[in-house]
Amino acid sequence: MADEKKGDVTPLAPGEVVVCVVEQIMPYGAFVRIKNGQRAMIHISELSHGFVKKVEDILALGQEVQARVIKIDEKGRIDLSLKKMEASRPATSFAPRNAAPNVPEDPRDSFEKKLSNYLKASEAKIADINSKLNSSKASKKRGKPAK
């Protein structure tokens, strides 16, 4: 960031969309060069709405991306976001689930359904195993076999 030229660059403002090229990838984010020559950073938390394990899963060296300026601090450091470029997520609704049947299904609902189905199948298997064990115990006679 010491190599930034302060004189002949157009000033950026938060909310502005810029085109930049990935120059350096770090475990915590990526440093990019904006087309006007300024250097900026995209933090790993600003790469995607979903979980990002490694920056390399989203970005590659030399890749050109569009990002939104989210902050410029007092030292002139520029923070960018790819997440803010994605379509905004729908607002979380606190209405009862059966009140709006046309709402797209939430991934957590899918997980809850899968968990519920798993528990039902597991209970059925346990009941089946228990009934087989009980029936095999009932057929065995204790003591010496009859002649």
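The values are calculated or read from the model by the stated rules, or taken from the named source; none is laboratory data. Bear in mind the structure is a predicted one, so any value in this text is a computation, not a measurement. Every residue, glycine as well, gets a Cβ built from its backbone with ideal geometry; the counts of neighbours run over all protein chains shown.
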(Q) If a residue must be basic (Lys, Arg) and at pLDDT below 85, how many such residues does the stretch 65-97 contain? (A) 2
Q.
So, in the stretch 55-76, how many residues would count as being small (Gly, Ala, Ser) and part of a strand (DSSP E or B)?
A. 1
Q. If only one of Glu16, Glu46 is among the acidic types (Asp, Glu), within 17 Å of Ala67 (Cβ to Cβ) and modelled with pLDDT of 90 or more, which one is it?
A. Glu46
Q: Output the strands (runs of 3 or more DSSP E) that fall wholly within the stretch 10-54 and possess 1 or more residues being buried (at least 17 other Cβ atoms within 10 Å of the Cβ) and small (Gly, Ala, Ser), or say none.
A: 29-34, 39-43
Q.
Kindly evaluate Glu112 against the criterion of being outside the structural domain of Tyr28 (by TED's automatic domain parsing) and at pLDDT below 85.
A. yes
